[in-house]
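The next block holds one structure in the form of structure tokens; read it before the comments.
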Amino acid sequence: MTPVQTPTEALTAKLRRRDVVSAAEAGALEDVLEPPRRHPVGGVIIQPGERPSRSTLLVSGWVARFSVLQNGARSFTQLGVAGDFVDLHSLLMKQMDHGVLALTDCVTAAAPHARLVELSETHAHLMRLLWLDTVIDGAIHREWLHRMGTQNALGRTAHILCEMEARLAMIGLSGPGGFEFPLTQNELADCLGLSAVHANRTLMELRRRELISWRAGWVRFIDRDRLIRLAEFDPTYLRLDRAPV
């Protein structure tokens, strides 16, 4: 698994899995970004209600989109990994309706909205690819919402593992040996709408059935076919195929 070498390496790799990205387009992506910044684990990268003047690309690490009720109840609505713009929609939405939390130490690079507008005028195809990325964000939200309302805890847990394995494979961060999954059980519970105790029991059951191993933040699929069947995982919503946009 190759570490990220440039701020846009993971993003470009992901986009190239879906369509051709020319050298000029890859260079234009690099040019819109400001110098990278570091964020410690547990830090809030973007606050709910914030009005960003730039969109943030995750260069390395894991983040979660989160929402919090007045009583403090928190839920995660999507996970982000290297190559994900965590708030590209803020270019048009203007105000954030959720926050972004660093689940690990993270590196980000920001693209000022003014530069993104210029990019849309000079590199229309590239902006369509970035638009597709935000469309897929919406598809992930719909999939999580659907699973939350219809699938049991075991199936939901299997599904999120299948999703993250597929997304990480697109950027070279998953392979036959498994993939990093650095969430705590409390954080996984926030993704699944479960208590931490219930999330722990669910993981124990997946291990008991010899579907996965999970040790020190590393997940390996022992029986991929049975896990996919349990999850009812269909990756159509992730748009993994390569087709012109």
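Points worth noting:
- Total charge dipole magnitude, the chain, about the Cα centre, Cβ charges on Lys, Arg, Asp, Glu only, Debye to nearest 20: 600
- Segment residue 17..residue 93, full-extension length gain: 24.6 nm, with 0.36 nm per residue of separation and the alpha-carbon distance subtracted.
- Taking amide H as placed 1.01 Å from N in the peptide plane, the amide H of residue 60 sits under 5 Å from that of 107, each at least 5 places away or on another chain.
- Potential lengthening of the chain between residue 74 and residue 142 amounts to 22.7 nm, from the contour at 0.36 nm per residue minus the alpha-carbon distance.
- Per-pair calculated FRET efficiency, R0 = 51 Å: residue 121 and residue 152 via Cβ, rounded to 0.05: 0.60
- Overall, the range 9-123 carries a charge dipole of about 340 debye about its Cα centre when +1 sits on the Cβ of Lys and Arg and -1 on the Cβ of Asp and Glu, all other atoms neutral.
- Shape box of the chain [Cα atoms, principal axes, largest first, Å]: 53, 41, 30
- Here the contact order of the range 65-178, divided by its residue count and restricted to Cα pairs under 8 Å and six or more residues apart, works out to 23 percent.
- Our summary gives the range 147-238 a relative contact order of 37 percent, counting only alpha carbon pairs under 8 angstrom and 6 or more residues apart.
- The chain - percent relative contact order, Cα under 8 Å, separation 6 or more: 23
Every number here is computed from the coordinates shown, using simple stated rules; none is lab data. All figures in this text were calculated on a predicted structure; none of them were measured in a lab. Note that each Cβ is placed from the backbone with ideal geometry, even for glycine, and that neighbours are counted across all protein chains shown.
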